[in-house]
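A.B. asks: Here you go, one structure.
The values are calculated or read from the model by the stated rules, or taken from the named source; none is laboratory data. Remember, predicted model here, so these are calculated numbers, not experimental data. Here the Cβ is made from the backbone with ideal geometry for all residues, glycine too, and neighbour counts use every protein chain on show. The protein model used for the area step is the full one, side chains on, heavy atoms only, and it has no ligands, DNA or RNA in it. Shrake-Rupley method; radii C 1.70, N 1.55, O 1.52, S 1.80 Å.
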Amino acid sequence: MPHLPDVVLWSIPAFLLLTALELVSYRLRPAEERGDAGYETKDAATSIGMGAGSLVFDALWKIPIVAVYTALYELTPLRVPVLWWTLPLMLLVQDFFYYWSHRGHHVIRILWACHVVHHSSRKFNLTTALRQPWTTLTVWPFYLPMIAAGVHPAALAFCSSANLVYQFWVHTERVGKLPRPFEYVLNTASHHRVHHASQGGYLDRNYGGILIVWDRMFGSFVPEGEKPVYGLTKNIDTYNPLRVATHEYAAIARDLRAARDWRERLGRVFRGPGWQPAPGPDAPAAVAEAVPAHEHAA
């Protein structure tokens, strides 16, 4: 098994330092001066609590995931050695599959129920990066092709951790646009502000982890223009970590109980978060015209 460092653990001091610097910057230049969302104590505490909880739940989910990955790795005859030049290539491939995982978690409701946690804050600061879901058991299938191609599970874990650590700094309003070459290739704070915005033109855009080129290639890129408004299109108005973690699953359960048939039940689970069934033949015309097309955050 390759011996690779725990990137997240080694990055914790940098997380703390950057967050402290961001807080100081808001002291020196308050959010109101620039129209930024800024900080709120309860919101930041919820984000930190969600991050701490995710560490516990991820440790539990890791047991079956590692078992599946290890079994597949033992079955495949392919092997990708962990070398100085193969590791950047693995990171590139992992970022590609991260893009599709992230995109899938926005357009399939049962996956969105996991990812919506990260978008539930109406603030956008470095503590928002810590607002992580507790149900990440939905993520692992997207990386099966890497294991099947001979990437060791430990190498995949290293790449995933590096991708996660990179994305910490893009959760801020204190960094403006970078020089054009960086903005063209990398996921930046400007691009990620768009991703967390709830305006219609910004919904479901800029999924990239480290690179923004995947969004440019697959038609999901939008540059930052108007000031983003953060949160969900229907905000949940709670700081309770348990409710933050589970509110969309509860909404799915309510919709399933009210569903008229199995086709609607499947749609409620596997269609987009804003999907609504066609009104029945007895529904008033006003109801038929009012079916929303999309009702979730970017």
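A.B. asks: Express in whole angstrom the spacing between the alpha-carbon centres of the range 213-280 and the range 85-136.
C.D. replies: Each part's Cα centre sits 15 Å from the other's.
A.B. asks: Enumerate the amide H contacts of S120 below 5 Å, restricted to partners 5 or more residues apart or on another chain; note that Pro and chain-start residues carry no placed amide H.
C.D. replies: none
A.B. asks: Let me confirm the definition first: pairs of Lys residues in the chain, 8 or more apart or on different chains, C-alpha distance under 28 Å. How many are there?
C.D. replies: Summing the qualifying lysine pairs gives 7.
A.B. asks: Before I look further, what does the range 1-159 give for accessible area per residue, probe 1.4 Å, in whole square angstrom? Walk me through the numbers before you get to the answer.
C.D. replies: Values: 8250 Å² over 159 residues.
Solvent-accessible surface per residue comes out at 52 Å².
A.B. asks: In the neighborhood of S220, defined by Cβ-to-Cβ distances under 10 Å, what is the net charge if each Lys or Arg adds +1 and each Asp or Glu adds -1? Don't jump to the answer; show the numbers that get you there.
C.D. replies: Values: positive: R103, R205, R216; negative: D204, D215.
Its environment carries a net charge of +1.
A.B. asks: How large a share of the accessible area of the range 199-276, in percent, is made up of carbon and sulfur atoms when the probe is 1.4 Å and the other protein chains stay in place?
C.D. replies: 57 percent
A.B. asks: In whole Hz, with x marking every Gly and Pro, tabulate ³J(HN,Hα) for the range 260-266 from phi via Karplus 6.51 cos²θ - 1.76 cosθ + 1.60, θ = phi - 60°.
C.D. replies: 8, 7, 5, 4, 5, 4, 5
A.B. asks: What nm distance separates the two modelled labels at V8 and A259, each placed 7 Å from Cα along Cα→Cβ?
C.D. replies: 3.2 nm
A.B. asks: Here is a further query. If you build the Cα gyration tensor of the range 127-193 and take the root of 5 times each eigenvalue, what three semi-axes come out, in whole angstrom, biggest first?
C.D. replies: 27, 16, 9
A.B. asks: From the phi of every residue in the range 145-151, what ³J(HN,Hα) in whole Hz does the Karplus formula 6.51 cos²θ - 1.76 cosθ + 1.60 yield, where θ is phi - 60° and glycine or proline is x?
C.D. replies: x, 5, 5, 4, 7, x, 7
A.B. asks: If you don't mind, there's one more thing I want to ask. Counting only residues 5 or more places away or on other chains, whose amide H sits under 5 Å from the amide H of L211 once H atoms are built in the peptide plane?
C.D. replies: N187
A.B. asks: Considering only protein heavy atoms and a probe of 1.4 Å, how much of the accessible area of the range 1-159 is carbon and sulfur, as a whole percent? Numbers along the way, then the final one.
C.D. replies: Details: 6170 of 8250 Å².
That share works out to 75 percent.
A.B. asks: Can you tell me which of M146, M217, M90 moves the most in a GNM of the chain? Springs connect C-alpha atoms under 10 Å apart.
C.D. replies: Per the Cα network of the chain with a 10 Å cutoff, M217 tops the list.
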